[in-house]
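Data first, discussion second: the structure below is written as structure tokens.
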Amino acid sequence: MVNVRLIFFAICIGLAFPSYGKPLSNQLWPDLDIENPQLTKNTVMRQCQRSLKYAPKELEAWCEKAYKMGAWEALLYIGYHTGDGSRYVNEVKHRAAKKEHIAIRKLAWLNYNGIFIETNLAEAARLYNIFLAQESDTSEFMLRSINYNLAKIYTTLEDWPRVIEHSQYVIDQSVGDGSDALAKDLKAKALSKLSN
């Protein structure tokens, strides 16, 4: 009797979930026509990003379309999908050479994390400093993040005065999210190294 109830319960649950799951899947992966001329660059780029998780077979089509519409960041997703990020790296380098602010930051990020290229902390630091020196409307969160990355880079490179400089920026710009605690640790390490 118990087994019959469990089987009945399992069947009911199985029948119920498709009706609940469908609206959620439509939100996560809307059924859009890639050939629709009314699609905006932002919509196509969102489909490119989502396809990495929800529709990998459609990723290249959506991302190529986004790229052709001017969203060059779509090449990053193609690189993640194929394992070959050379197009993205070349695009970022080309744009950074033209002094495009976002491209400089992204190239620094690639060098810092070793994504599609070999890690080069000295180059990442150089590029992050160029980014910080340019006038921009960069958010405070991004500035704190970049200064923290620079403090970590300079810790690895053992440039203690610069570790102190960039960690102090993070400490001074603290918003109560705990990020200053990590910066304080880096600063303390740098001060310790300088006093030895």
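Against the longest principal axis of the chain, how steep is helix 179-195, in degrees 0 to 90 to the nearest 10, with axes from Cα atoms? Compared with the principal axis, the helix lies near 30 degrees. In order along the stretch 79-86, the Karplus-derived 3J(HN,Hα) couplings, from 6.51 cos²θ - 1.76 cosθ + 1.60 at θ = phi - 60°, round to x, 4, 5, 8, x, 10, x, 4 Hz, and Gly and Pro are given as x.
Relative contact order for the chain: what is it in percent, counting Cα pairs under 8 Å that are at least 6 residues apart?
This gives 9 percent for the chain.
Shape of the stretch 128-167 from its Cα gyration tensor (a ≥ b ≥ c, root eigenvalues): rounded if a/c is under 1.5, otherwise prolate when a/b > b/c, or oblate? Prolate, since a/c reaches 1.5 and a/b exceeds b/c.
Remark: for residue pairs K152/K184; K41/K68; K106/K184; K65/K99, the C-alpha separation exceeds 19 Å in K106/K184; K65/K99. What is the stretch 86-135's relative contact order, in percent, from Cα pairs under 8 angstrom and six or more apart in sequence? Relative contact order here is 30 percent. Largest mean-square fluctuation among S179, S86, S139, in a Gaussian network model of the chain whose springs join Cα atoms under 10 Å apart, belongs to S139. In plain terms, the chain from L143 to Y80 could stretch by 20.1 nm, reckoned as 0.36 nm per residue minus the Cα-Cα distance.
Classified by the C-alpha gyration tensor, the stretch 64-196 has a prolate form. Its axis ratio a/c, with a ≥ b ≥ c, is 1.5 or above, and a/b is larger than b/c. Annotation for the stretch 78-137 versus the stretch 151-170: alpha-carbon center distance of 20 Å. To the nearest 10 degrees, how steeply does helix 2-28 sit against the main Cα axis of the chain, on a 0 to 90 scale? Between helix and principal axis, roughly 60 degrees. Only Cα pairs under 8 Å and 6+ residues apart enter the sum, and on that basis the relative contact order of the stretch 87-196 stands at 17 percent. Counted by neighbouring Cβ atoms within 10 Å, the residues W62, W160, W109 run from fewest to most as W109, W160, W62. Rounded to the nearest 20, the Cβ-based charge dipole of the stretch 139-196 about its Cα centre (Lys and Arg +1, Asp and Glu -1) stands at 180 debye.
Taking 25 Å as R0, compute the FRET efficiency from the Cβ-Cβ separation of L182 and K93 and round it to 0.05.
Once the sixth-power term is evaluated, E becomes 0.25.
Working note: Karplus 6.51/-1.76/1.60 with θ = phi - 60° gives the stretch 113-130 the couplings 8, x, 8, 6, 9, 6, 4, 9, 5, 5, 5, 4, 5, 4, 5, 4, 5, 4 Hz, where Gly and Pro are set to x.
Throughout, read-outs are computed from the coordinates displayed, never taken from laboratory work. Only a predicted model underlies this, so the values are computations on that prediction, with no experimental measurement involved. Here Cβ is always computed from backbone atoms with ideal geometry, including for glycine, and neighbour counts include all displayed protein chains.
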